[in-house]
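Working notes, structure below.
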Amino acid sequence: MALLPILCYPDPKLHTVAKPVAAVDARIQQLAADMLETMYEAKGIGLAATQINVHERLIVIDVSEERDQPMVLINPELVWTSATTHLNEEGCLSVPGIYDGVTRFDAVHVKALDEKGNSRVIEADGLLAVCVQHEMDHLVGKVFVEYLSPLKRNRIKTKMIKAQREESR
Ligand code: NI
């Protein structure tokens, strides 16, 4: 097990489009385990491989209160989305300290492979639905702040760059 460094917005590598996972093998299983460890350590509810600079379609999620229901989604695809949407406050481990409203589908069905390579369809609503949509966006190079107004996004960008500069001092 290993903790992996998380890319911080506005790192351009966060805009890389991930490729499908070719085979669910020992390497992918180790990567998923390391991503879960990294996510729990950072107190996040989801992490996409993009955020640790691996550009393959893999996400990990745990939205449970007890932090004991890890989910691994490999090559996730939305197969159904609800007609209704709502505005949720979101945050992201790659944009620490920033929370803002993003409109998402209320419910989604997502087809994915699990860590054993078994295909399944997850019927997600509530926080899980929001999290799945947020993490799947990372796989296509999209960070949630891109849904905000250019003015807000630029303010966040400036704040992040300043924070990173101070941290590296
Ligand atoms: Ni995120």
If you roll a 1.4 Å probe over the chain with all protein chains in place, what percent of the accessible area is carbon or sulfur? 53 percent
Over the chain, average the accessible area per residue using a 1.4 Å probe and give it in Å², no decimals. 53 Å²
Starting from the amide H of Glu115, placed 1.01 Å from N in the peptide plane, find each other amide H under 5 Å away whose residue is 5 or more places distant or on another chain. Val72
The alpha-carbon center of the stretch 127-169 and that of the stretch 14-93 are separated, in whole Å, by 16 Å
What dipole magnitude, in Debye to the nearest 20, does the chain give about its Cα centre under +1 on Lys/Arg Cβ and -1 on Asp/Glu Cβ? 860 debye
Per-residue HN-Hα couplings for the stretch 124-139, Karplus 6.51 cos²θ - 1.76 cosθ + 1.60 at θ = phi - 60°, whole Hz, x for Gly and Pro? 10, 9, x, 4, 4, 5, 4, 5, 4, 5, 4, 5, 5, 4, 4, 5
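Taking 25 Å as the cut-off for C-alpha to C-alpha distance, list the pairs among Lys111/Lys152; Lys19/Lys152; Lys111/Lys142 that go past it.
Those over the limit are Lys111/Lys152; Lys19/Lys152.
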Can you work out the FRET efficiency for the pair Glu41 and Leu78, with r the C-beta to C-beta distance and R0 = 22 Å, to the nearest 0.05? 0.15
Overall Cα dimensions of the stretch 87-169, principal axis frame, Å, largest first: 46, 29, 18
Select from Ile161, Cys131, Cys8 the residue farthest towards the positive end of the dipole of the chain; place +1 on Cβ of Lys and Arg, -1 on Cβ of Asp and Glu, and compute about the Cα centre. Ile161
Could you state the principal axis extents of the C-alpha atoms in the chain, from the largest down, to the nearest angstrom? 44, 39, 32
The stretch 83-133 - Rg over Rh from alpha carbon coordinates, Kirkwood radius: 1.06
Pull up the cross-link candidates among the aspartates and glutamates for Lys162, meaning alpha carbon to alpha carbon under 20 Å and not fewer than 8 places away within one chain. Asp11, Asp100, Glu146
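For the stretch 1-93, what is the per residue volume of the convex hull drawn over the alpha-carbon atoms, in cubic angstrom?
Here the figure is 130 Å³ per residue.
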Cut-off under 16 Å on the C-alpha distance; same-chain residues fewer than 8 positions from Lys43 excluded. Which aspartates and glutamates are left, in chain and number order? Asp34, Asp62, Glu65, Glu66, Asp68, Glu90, Glu135
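The values are calculated or read from the model by the stated rules, or taken from the named source; none is laboratory data. Nothing here was measured: the structure is a model prediction, and the numbers come from that model. Neighbour counts are summed over all protein chains in view; Cβ atoms, including those assigned to glycine, are modelled from backbone coordinates with ideal geometry. SASA here: full protein model, heavy atoms, side chains in, ligands and nucleic acids out. Shrake-Rupley method; radii C 1.70, N 1.55, O 1.52, S 1.80 Å.
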